[in-house]
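Take a look at the structure below.
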Amino acid sequence: MSLHASLRFLTKYKVLICNVRYASQAMPQLSSEKYNVKRKDFAKVQNSDVNHFKSLLSEDRVLTEDGDVLPFNIDWIKNCRGQSKVVLKPKSTAEISAVLKYCNDRKLAVCPQGGNTGLVGGSVPVFDEVVINLMLMNKIINLDCISGSLVCEAGCILETLENHVKEHGLIMPLDLGSKGSCHIGGNVSTNAGGQRLVKYGNLHGSVLGLEAVKANGIIVDCLKTLKKDNTGYHLKHLFIGSEGTLGVVTKVAIHCPVLPKAINVAYFGVNTFDEVLQVFKRAKSSLGEIVSAFEMMDNYSIKTVIKNMNLTNPLPDYPFYVLLETHGSDIEHDTEKLTRFLSKEIDEGQVLNGIIASETAKIQAIWNLRENIPAAGLRDAGYLFTSDISLPAANYYQIVPMLRERLSSKVKSVYGFGHLGDGNIHINVALSEFNEEMLSLIENIMYEEVAKLNGSISAEHGVGFYKPKYIHYSQDDSALQVMRELKQLMDPNGILNPYKVLPETKN
Ligand SMILES: Cc1cc2nc3c(=O)[nH]c(=O)nc-3n(C[C@H](O)[C@H](O)[C@H](O)COP(=O)(O)OP(=O)(O)OC[C@H]3O[C@@H](n4cnc5c(N)ncnc54)[C@H](O)[C@@H]3O)c2cc1C
């Protein structure tokens, strides 16, 4: 399946999920009821507010009809549902500034939203927050092909940017399964990781500069394209990964590396996780700088994707699978290097069997197995608990058998897959139906163990709405206190994405 076909498929799949869920009685329960949250003391949107928004934007960019607003209230995984009555679609930074200034003065809470592909419930309102969706802020402003700096508006879709820079011999430094829908502003706001992080690093490095609007409407212009700029505090980092709680990102300058001339993918089976680790270690030493992704999928992950997404596994049944991708500059040299590596691993018995793909369609067919695991998991679970944690390599997979043992017959299945190359594992726990007690049990067990294993409760998806009460497992009180001080400084009325990221303080 080609890249485009696969994305069309994913989009079709999302529509299918929507239809099934909306048509049945299974429209997601209101987040506030499901998670027992108390509304904070914000003002409520009045007709006069709606009229004012219409005067700031235009009538057609202020949505108030229930049917129009509903999709913006429900998250990608169909687990959260907010109660917003108004969705705004600004077209410029000036419009966002005017909207935020007004909301701040009126103490109306807002929820900044990009492509709404976030997986921690951060992208949709909890109560009646005004949704500010950036989909119409989608202009590419400039691409400097020599330095590789791309400047664009925050609502540009990642895949659109990828296609654009590709025409100029460049590549986006990040790649996500959601690239057909997610926005670069959403990527920056979540500090998205993805498959290529092992080669191109994270967004704190790739983002050269940005423009953001504070809660009070003040525009913060840090839209630099310089690689080196040590003048004062590096404010861009405040907005990278702060999940819409410190400001709305409106423009992004990002460094795009040179498009690799040679891309290869090896896909192979391994018997034990210890052997996966050994192969990883040797891959880094033998293939060095060309390794761009090292993804691990356990047997259950692959079985789920084969069964639910109508895909074919080119290999027999093995306990673990690895997808190893290389990005380099010489196809013959890279293919030969990768073939030599894989053959040696097979000969020495560490790898059971494997294949190498160099053609785009074949590469994508292998990536489809990995990228469709999140969607596949949703298909046969009444409720799918998904988590994104990071662990030191040696402890990486321990959590899966541990959860299977502790949760045993209470759940349908537990499986793990993820970016082993950067220590990030995604854990899926499938339940027959949503059950608050069960959810709390799973989370408590998982995050306690993550802390014991020196990991982080969020590797790349963020904290969002789901994880504030567990953030203490990964952040010291002293760090949390500084975060609260920053929030107070940037957004004294707390209007930006409330109920997300920082836990409530106990009075
Ligand atoms: C199939 C699939 C695969 C995925 N794979 C990965 C992966 O490999 N790695 C990864 O890191 N994530 C992954 N994700 C999660 C998600 O795609 C990323 O978190 C992405 O960066 C979210 O971008 P978005 O535009 O959809 O943001 P949204 O989901 O709309 O928002 C996410 C958060 O950012 C805030 N936000 C959005 N835009 C702005 C803005 N302009 N200014 C301020 N705040 C804003 C929102 O308030 C929210 O808190 C995946 C999701 C799916 C569905």
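Rule-based calculations on the coordinates, nothing more; no lab input. As the structure is a computational prediction, the values presented were derived from the model and not from experiment. In this analysis, Cβ positions are derived from the backbone assuming ideal geometry, glycine residues included, and neighbour counts consider all displayed protein chains.
Charge dipole (Cα centre; +1 on Lys/Arg Cβ, -1 on Asp/Glu Cβ; no other charges) of region 28-133 amounts to roughly 280 debye.
Which order do Asp144, Asp41, Asp49 fall in if you start with the one that has the fewest other Cβ atoms within 10 Å?
Listed from fewest to most nearby Cβ atoms, that is Asp41, Asp144, Asp49.
Under a model in which nothing but the beta-carbon of Lys, Arg (+1) and Asp, Glu (-1) is charged, the chain shows a dipole of about 740 debye around its Cα centre. Bridging of Lys227 to aspartates and glutamates at a Cα separation below 15 Å is possible for Asp144, once same-chain residues fewer than 8 apart are set aside. Taking 30 Å as the limit for the C-alpha separation, the pairs Lys228/Lys487; Lys44/Lys412; Lys228/Lys281 exceed it in the case of Lys44/Lys412; Lys228/Lys281. Residues Arg370, Arg404, arranged from fewest to most other Cβ atoms within 10 angstrom of their Cβ, appear as Arg404, Arg370.
Please tell me the relative contact order of the chain in percent, rounded to the nearest whole number, where contacts are Cα pairs under 8 Å and at least six residues apart. Each step should come with its number before you reach the end.
Values: 1016 pairs, mean separation 74.9, N = 507.
Over the chain, the number comes to 15 percent.
If only the Cβ of Lys and Arg carry +1 and only the Cβ of Asp and Glu carry -1, the dipole of region 140-255 around its Cα centre is close to 280 debye.
Only bridges whose two residues both fall in region 28-133 count here: according to DSSP, what percent of them are antiparallel, nearest 5? If we restrict to bridges inside region 28-133, about 35 percent are antiparallel. Where only DSSP H runs of four or more residues are counted, the chain gives -11000 deg cm²/dmol as its mean residue ellipticity at 222 nm, each run worth -39500 (n - 2.57). Using +1 at the Cβ of each Lys and Arg and -1 at the Cβ of each Asp and Glu in the chain, identify which of Leu342, Met297, Val45 lies farthest towards the dipole's positive end. Farthest towards the positive end: Val45.
Taking amide H atoms as placed 1.01 Å from N in the peptide plane, the amide H of Val220 lies under 5 Å from those of Ala212, Val213, Lys214, each 5 or more residues away in sequence or on another chain. Listed by chain and number, the aspartates and glutamates whose C-alpha is less than 13 Å from the C-alpha of Lys54, apart from same-chain residues fewer than 8 away, are Glu95.
For a straight C-alpha distance cut-off of 20 angstrom, the lysines reachable from Lys139 (same-chain residues fewer than eight places away being disregarded) are Lys89, Lys91, Lys166, Lys179, Lys224, Lys251.
The Ser285 and Ser55 beta-carbon pair, evaluated with R₀ = 45 Å, returns a calculated FRET efficiency of approximately 0.10. Peptide packing for 119-126, 257-264, 284-291 was compared via the average number of neighbouring C-beta atoms within 10 Å per residue; ordered from the highest value, the list is 119-126, 257-264, 284-291. Distances between placed amide hydrogens fall under 5 Å for Ile141 paired with Val151, Cys152, Glu153, all partners being 5 or more residues away or on another chain.
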